[in-house]
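Q: Could you have a look at this structure, given as C-alpha cells, before my questions?
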Amino acid sequence: MIYKLTYKLFSERSVLIEWPAIIDENILNDVILFKEKIRNNKIKEIVELKHAYNSLLVICGDDCFVFGTFKKKLQKLYTQKGPHVELRLKKWEIPVCYDDVFGIDLGEMALEKNMSKKSIIELHSKTVYTVYFIGFLPGFMYLGGLNRKLHTPRKSTPRSRIVKGAVAIGGKQTGVYPNESPGGWNIIGNSPIEFFNPKNAIPCFANAGDKIIFKSVSIKEYKDIKMLIDAGVYQLESEVIDG
Amino acid sequence: MVKVLKPGLYTSIQDLGRYGYQNYGVPYSGVMDVYSASMANVLLGNEVHAAVIEMTMTGATLEFNCDTSICISGADMAPKLNKTPIKLNKQTSIKKGDIISFGKLLYGFRAYLAVFGGFKNEKAMGSYSMYQGVTEQSVLFKNDDLLINASLKPLEKKHAAIKIRNTHFNTKKIEVFKGPEFHKLSKAQQSSLFSQDFTISKENSRMAYQLTGSLKNSLKPIITSPVLPGTVQLTPSGKLIILMRDCQTTGGYPRILQLKESAINILAQKFTGDMIRFSL
C-alpha cells in the first residue's frame, strides 16, 4: 500500500479510486489487497466493489453518501496497517484444442508472423497468464502476460458471431469468449470449459489475481472433456499459490 | 398467470437489477426508467423492486388467467382493458379472462406494467431481470406464461390517478456530472458539450444510446476501467455513447460525463431523432 491514489466522485454514489495508469502486476496486487481490506471492514454504505487494471470503483447505496467524509475514510483505511489479508490465489490449467477446426485464424496469423502454427501454439500455451479482472462480458477474463511475438491487431471487420469457448488474441491481449458473441479478435482455438455459469452461486471459477495456463489438447481429448462437463463430473485442475 | 398473446417490439421482465455480480462481468440490467416502473409498483402497494413488464415503443397483448390488479406507467401506448381505454398511473382491477392491449405510442418510449405482487419468472443471481446469457430468455415471446407472486390478496382500490411529472417526458435537459476523463478535454471541447443539442441516433438499446454527430476528439483510449449506466464515452472517432442499464461492466473509452440517475430515467423515454442537451 504505497501508491499515490486519486479519488474521484463518479455518479451520485460511487467513488473511483485510481492507481498510476500502467498495467502492472504489483499495481493489480495493491488494487486487490485494498479491495479486500475495504470488504473486510464491512463499511455499511458500500453495496458493491469492482476493479479493473488500475482502478477500483466503490459503489454505495442511495442517500448515504458525503464524498469528502467518505474519501477520508477510504484514504485512512489505505494507509492504515491492517490485519494481513489472505487471498488464497489459484493456478488453473485450462484445456484448449488448437486444431484447425477451432483455430480458424491460426493459418493467417502464421503467414503474417512468418511462424509455424506449432510455434504459435507452443508460445501461447507455455505462458502463465494473470487474471487481472473479469469484465466486458459475463465471465470474460482480462489476462495479462501474452508473449510479444503473439501480439496481433484486431480484425478490421469484427465477426458477428464468435462461438462459445473461442480462445483468441486481440492486440496485446488474449482471452476466452465465455459465450457466443460478436467480436474482432483472432481465433486460435477453443476451450470446452464453462467460464460462466449463472446457475452457480459463484458464476466464475477464477478470481482476479489467479493464474491461468492453457494446456493444448487433441480433438479427442476435447470431446472427452466436453462429455464430462455436460455430465457435470469434470474436475478442473488447479493448485493454490502464494498470494 | 398471464399469457403473452403478442409480445410487442421488445418486451421483457425487469426489476431493479442484479447487484453484486459486476466482478463477474454481469451487467446490472433492470428497468430502464426506474422512476416510471417504481410509480407503477408503488401505486399497487408493491415493493419498488417487484418485477414488472417493460415494453418498448409498442405494447404487448396479455391475457390474465386470474383476478388481480395492475398499474401501467411510463410511456403512453394507449392501454386498453378488453378494448376500453384505461388510465395510466392508476390501479386497474382485472378479472380472469381479461385482455390488456395497447394502441398507438402517444408519448415516451418505454411503458411499465406492474401486477399486484409482481411477476416471478426465472430468477438468476438475485434478480428477475432478463438478460441474454444470464436468464434463459432475454425477451418475451408469444405464448409465454408469466407467473405472478400471488401469495397476497390485491389491495382495495384506493388511489386516484397520480399526476406524473410532465418534464419527465418532454424535457431535453439531461443533467450530468463531470466524468473521470472530463478534465482531459480542451476548454473548447468542454464547452461544446453543453452549448449544443445532440440527437439520439438509431443505435439505441438497453445497452447504450449513441448520439449522432461527433465531437472533435484528440483523447486516446484509456486503460480499461469501470463504467456505469449513465457513463458518457467518447470514441476515437468522436462519437458519444451513453451507456444504459444493460451496459458492460468495464470500458476503454474516455468517460467524459456521467448522467445523474434521474437523467438516465429521462433518457430511457427518448428514442431515435429526439434531441437532448447536457447540463452540468
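Q: Within the stretch A:127-163, how many residues are within 14 Å of chain B (Cβ to nearest Cβ) and among the charged types (D, E, K, R)?
A: 2
Q: If A:Ile22 meets every condition in (1) in contact (Cβ under 8 Å) with a residue 40 or more places away in the chain; (2) within 14 Å of chain B (Cβ to nearest Cβ) apart from one, which number is that one?
A: (1)
Q: From B:Val26, B:Val48, which residue is over 26 Å from B:Ile94 (Cα atoms), out of contact with any Asp or Glu (no Cβ under 8 Å at 6 or more places or on another chain) and of a type in the set (Val, Ile, Thr)?
A: Exactly one residue qualifies, and that residue is B:Val26.
Q: Sort out which residues of the stretch A:73-83 are touching a residue at least 60 places away in the same chain (Cβ under 8 Å) and either outside any helix (DSSP H, G or I) or of a type in the set (Lys, Arg) (or both), and write them in order of number.
A: none
Q: Among the residues of the stretch A:177-192, are any part of a loop (DSSP other than H, G, I, E, B) and farther than 18 Å from A:Phe136 by Cα?
A: Yes - at least one qualifying residue is present in the stretch A:177-192.
Q: Does the stretch B:179-189 hold any residues that are within 17 Å of B:Leu215 (Cα to Cα) and crowded, with 18+ Cβ neighbours inside 10 Å, and which are they?
A: Result: B:Gly179, B:Glu181, B:Phe182, B:Leu185, B:Gln189.
Q: Name the pairs: first residue in the stretch A:185-200 and free of Cβ contacts under 8 Å to residues at least 60 places away in the same chain, second residue of a type in the set (Ser, Thr, Tyr) and outside any loop (DSSP other than H, G, I, E, B), Cβ to Cβ under 9 Å, at least 6 apart or on different chains?
A: A:Trp185/A:Thr152; A:Trp185/A:Thr174; A:Phe196/B:Tyr24
Q: Out of (1) within 14 Å of chain B (Cβ to nearest Cβ); (2) outside any loop (DSSP other than H, G, I, E, B); (3) at pLDDT below 95, the odd one out for A:Val31 is which?
A: Result: A:Val31 passes all but (3).
Q: Inspect all residues belonging to the stretch A:59-72 and state whether any of them is within 14 Å of chain B (Cβ to nearest Cβ) and either assigned to a helix (DSSP H, G or I) or at positive phi (or both).
A: Yes; the residues of the stretch A:59-72 include at least one that is within 14 Å of chain B (Cβ to nearest Cβ) and either assigned to a helix (DSSP H, G or I) or at positive phi (or both).
Q: With respect to B:Asp144, determine if the residue is in contact with a Leu (Cβ under 6 Å, 6 or more places away or on another chain) and of a type in the set (Asp, Glu). Before you say what the answer is, go through the steps one by one.
A: Values: in contact with a Leu (Cβ under 6 Å, 6 or more places away or on another chain): no; of a type in the set (Asp, Glu): yes.
So B:Asp144 fails the test.
Q: When only residues in the stretch A:196-215 that are crowded, with 18+ Cβ neighbours inside 10 Å and over 13 Å from A:Tyr142 (Cβ atoms) count, which is farthest from the other protein chains (Cβ to nearest Cβ)?
A: A:Phe214
Q: Of all residues in the stretch B:4-26 being over 15 Å from B:Met55 (Cα atoms) and more than 8 Å from chain A (Cβ to nearest Cβ), which is farthest from the chain's Cα centre (by Cα)?
A: Going through the qualifying residues, I end up with B:Arg18.
Q: Are there any pairs with C-beta distances below 7 angstrom linking a residue in the stretch B:26-42 that is closer than 24 Å to A:Leu49 by Cα and in contact (Cβ under 8 Å) with a residue 24 or more places away in the chain to a residue that is of a type in the set (Phe, Trp, Tyr) and surrounded by fewer than 24 Cβ atoms within 10 Å (Cβ to Cβ), with the two at least 6 apart or on different chains, and if so which?
A: Between residues of the stretch B:26-42 that are closer than 24 Å to A:Leu49 by Cα and in contact (Cβ under 8 Å) with a residue 24 or more places away in the chain and residues that are of a type in the set (Phe, Trp, Tyr) and surrounded by fewer than 24 Cβ atoms within 10 Å (Cβ to Cβ), the close pairs are B:Tyr28/B:Tyr19.
Q: Right, here's the next one. In the stretch A:177-195, which residues are facing chain B (nearest Cβ under 10 Å) and surrounded by fewer than 23 Cβ atoms within 10 Å (Cβ to Cβ)?
A: A:Asn179, A:Glu180, A:Ser181
Q: Please go through (1) buried (at least 18 other Cβ atoms within 10 Å of the Cβ); (2) at pLDDT below 95; (3) under 19 Å from B:Ser38 (Cα atoms) for B:Ile164 and return the number of the only condition it doesn't satisfy.
A: Tallying (1) buried (at least 18 other Cβ atoms within 10 Å of the Cβ); (2) at pLDDT below 95; (3) under 19 Å from B:Ser38 (Cα atoms), B:Ile164 fails exactly one: (1).
Q: Go through (1) within 11 Å of chain B (Cβ to nearest Cβ); (2) touching a residue at least 12 places away in the same chain (Cβ under 8 Å) one by one and return the number of the condition A:Asn40 breaks.
A: Looking at each condition in turn, A:Asn40 falls short on (1).
Q: Same structure again: Could you count how many residues in the stretch B:104-121 are in contact (Cβ under 8 Å) with a residue 40 or more places away in the chain and farther than 22 Å from B:Val48 by Cα?
A: First, pick out the residues of the stretch B:104-121 that are in contact (Cβ under 8 Å) with a residue 40 or more places away in the chain: B:105, B:107-121.
Next, only the ones that are farther than 22 Å from B:Val48 by Cα stay: B:105, B:107.
Number satisfying all stated conditions: 2.
Q: Residues that are touching a Leu at 6+ places or on another chain (Cβ under 9 Å), crowded, with 23+ Cβ neighbours inside 10 Å and of a type outside the set (Val, Ile, Thr): does the stretch B:210-224 have at least one?
A: No: zero hits.
Q: Pairs please, first residue from the stretch A:2-15 and on the phi > 0 side of the Ramachandran plot, second anywhere and part of a loop (DSSP other than H, G, I, E, B), Cβ atoms under 7 Å, 6+ apart in sequence or on different chains.
A: Within 7 Å, the pairs are A:Ser11/B:Leu228; A:Ser11/B:Gly230.
Q: Here is a follow-up. State all residues of the stretch A:18-28 that are part of a strand (DSSP E or B) and farther than 15 Å from B:Glu181 by Cβ; if no residue qualifies, say none.
A: Here is the first cut: in the stretch A:18-28, the residues part of a strand (DSSP E or B) are A:18.
Correct list: empty.
Q: Can you tell me how many residues in the stretch A:50-73 are touching a strand residue (DSSP E or B) at 6+ places or on another chain (Cβ under 7 Å) and either over 25 Å from B:Arg18 (Cβ atoms) or surrounded by fewer than 16 Cβ atoms within 10 Å (Cβ to Cβ) (or both)?
A: Count: 4.
Q: Evaluate the following for B:Thr135: is it of a type outside the set (A, V, I, L, M, F, W, C) and under 29 Å from A:Ile46 (Cα atoms)?
A: Numbers: of a type outside the set (A, V, I, L, M, F, W, C): yes; under 29 Å from A:Ile46 (Cα atoms): yes.
Here the answer is yes, as B:Thr135 does meet what is asked.
Q: Which ranges mark the strands (runs of 3 or more DSSP E) fully within the stretch B:173-265 that have 1 or more residues being under 22 Å from the mean Cα position of the chain (by Cα) and away from chain A (no Cβ under 11 Å)?
A: Answer list for the stretch B:173-265: B:173-178, B:198-204, B:208-211, B:231-234, B:240-243.
The values are calculated or read from the model by the stated rules, or taken from the named source; none is laboratory data. Values in this document were obtained by computation on a predicted structure and should not be read as measured data. Please note: Cβ atoms are built from the backbone with ideal geometry, for glycine as well, and neighbour counts cover all protein chains shown.
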